[in-house]
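In what follows, a structure is listed as C-alpha cells, so that the remarks can point back to it.
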Amino acid sequence: MKITIINGHPGPDPERFDAALTSLAERWLDRSHTVTSFVLRDLDIRACVGCWSCWWKTPGLCAVADDTHAMRSKILHADLLLLASPLIVGFPSALLKTAIDKMIPLFHPYIQLEHGECVHSMRYDRYPSLATFLEPGPLDGPEDLEIVHRYFERFAVHFRARVVGQVTPLDSFDSLVRDTDLLAGEAA
C-alpha cells in the first residue's frame, strides 16, 4: 500500500511531533507499505492566488510553480493520505491549510449534485483514503478536536475520500495501523 504523509507542523520545536510521525511511518514500513513524507516547512509552498489557471489554462496543473506539483502527484498515487498538524488557535496550521488549498487542481471546475450537495467533478478515477494526525495545543479541548475532525470529514466528502483514522500523539497508533492493513486488504 502507498501512503503519503503531509506534515504541516510549522515549527518551532517540531521534534516531538516529527518523531511521532516517524514512528508511525516506521510501523507502516515494517508492514511492507511504501511511505512518502512531505515536511511542508522545508518546502516552497505558495498560496493559491485564485487565478483558475489550473482549471482553464493548464487543466490539472497549478500555474504557481512550487513544491506542491510533486506533492499532488504522490497524493494521487497514494492509497492513504495522512494529513498531520498541531492545532494552532484550535485549527490546523496555516501551512497545512495552504497545502490543502493547492489540491484544487485535482478536480474539475464543474459542479455536480451528490447526496444533495454541490461538489466539484472528479478529474481522476480515484483518490486516496484519508487519515489525520492532530496534536491539540495547551488550550484545545475535546470540543476543539471534534470541530477539526468534522472539518476533515467535510473535506473528505469533497475530496471523494473516506476517513479511515483520526489520531493524536496521545493515541496508540495500533488502530490506525490495523485500519491501514484492512484498507490494503480491500485494495488487493
Check your understanding: Which residues, taken from region 28-38, are within 20 Å of the chain's Cα centre (by Cα) and surrounded by fewer than 16 Cβ atoms within 10 Å (Cβ to Cβ)?
Key -> Leu29, Thr34
**Study point:** Residues that are surrounded by 11 or more Cβ atoms within 10 Å (Cβ to Cβ), free of Cβ contacts under 8 Å to residues at least 12 places away in the same chain and assigned to a helix (DSSP H, G or I), drawn from region 170-181
**Key:** Ser175, Arg178
Practice item. Find all pairs meeting these conditions: Cβ atoms under 9 angstrom apart; at least six residues apart or on different chains; first residue within region 157-169 and more than 24 Å from His120 (Cα to Cα); second residue among the basic types (Lys, Arg) and outside any strand (DSSP E or B). Key: Pro169/Arg16
Practice item. Filter region 79-99 for residues that are crowded, with 18+ Cβ neighbours inside 10 Å and under 21 Å from Asp67 (Cα atoms) and give the result. Key: Asp79, Leu80, Leu81, Leu82, Leu83, Ala84, Ser85, Pro92, Ser93, Leu95, Leu96, Ala99
Point to revise | Check on Tyr127, aromatic (Phe, Trp, Tyr), surrounded by 20 or more Cβ atoms within 10 Å (Cβ to Cβ) and out of contact with any Pro (no Cβ under 9 Å at 6 or more places or on another chain) | key: yes
Point to revise | Residues within region 5-56 that are β-branched (Val, Ile, Thr), assigned to a loop (DSSP other than H, G, I, E, B) and either over 30 Å from His108 (Cβ atoms) or touching a strand residue (DSSP E or B) at 6+ places or on another chain (Cβ under 7 Å) (or both), tallied | key: 0
Review point. Which of the residues spanning region 44-65 are closer than 28 Å to Gly11 by Cβ, surrounded by 15 or more Cβ atoms within 10 Å (Cβ to Cβ) and free of Cβ contacts under 8 Å to residues at least 40 places away in the same chain?
Key: Val64
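A short reminder: the numbers here are calculations on the coordinates, not readings from a lab. Remember, predicted model here, so these are calculated numbers, not experimental data. Glycine gets a Cβ as well: all are built from the backbone with ideal geometry, and neighbour counts include every protein chain shown.
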